[in-house]
Amino acid sequence: MVDDLADAGGVQAAANGTDNPSRQVLRRQVPVRGTRARLLRSLIDRFGGRLDLALAAYNAGPAAVERYGGVPPFAETQAYVHDIMADYRSTAMKPSA
């Protein structure tokens with residue numbers, strides 16, 4: 001799952017605890033700035049503009065969101081989506097100064 005998310009975001013993830021020198025060099029060459037934003041944008045697109053599903057996929061992986069047909073029933077993922085959406089709503093609803 002981590003490799004799938006990393007590949008979707010343009011980042012080469014290290015293999016499960018077997019970090020070899022070629023992967024270390026590759027990781028250093030990939031710019032990190034903006035990678036998470038690109039990943040989130042791709043997940044928003046993948047899930048038809050549904051920010052809640054994109055956030056769930058960011059946290060639990062796209063396969064979990066697809067498997068459950070929505071936000072997976074994982075306490076961590078549900079809390080993550082709830083908290084981020086609450087922050088987003090409170091910020092989006094504030095009048096501009």
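Observations, loosely collected:
- Whichever residue in the range 51-91 is more than 16 Å from the chain's Cα centre (by Cα) and of a type in the set (A, V, I, L, M, F, W, C) and, among such residues, is surrounded by the fewest Cβ atoms within 10 Å (Cβ to Cβ): Ala75
- When Ala97 is tested against the conditions (1) surrounded by fewer than 11 Cβ atoms within 10 Å (Cβ to Cβ); (2) at pLDDT 95 or above, the lone failure is (2).
- In this entry, Arg27 is excluded by the filter for residues that are surrounded by 10 or more Cβ atoms within 10 Å (Cβ to Cβ) and modelled with pLDDT of 65 or more.
The values are calculated or read from the model by the stated rules, or taken from the named source; none is laboratory data. Every value quoted in this text rests on a predicted model; they were computed, and no experiment measured them. Note: ideal-geometry Cβ built from the backbone for every residue, glycine included; neighbour counts use all protein chains shown.
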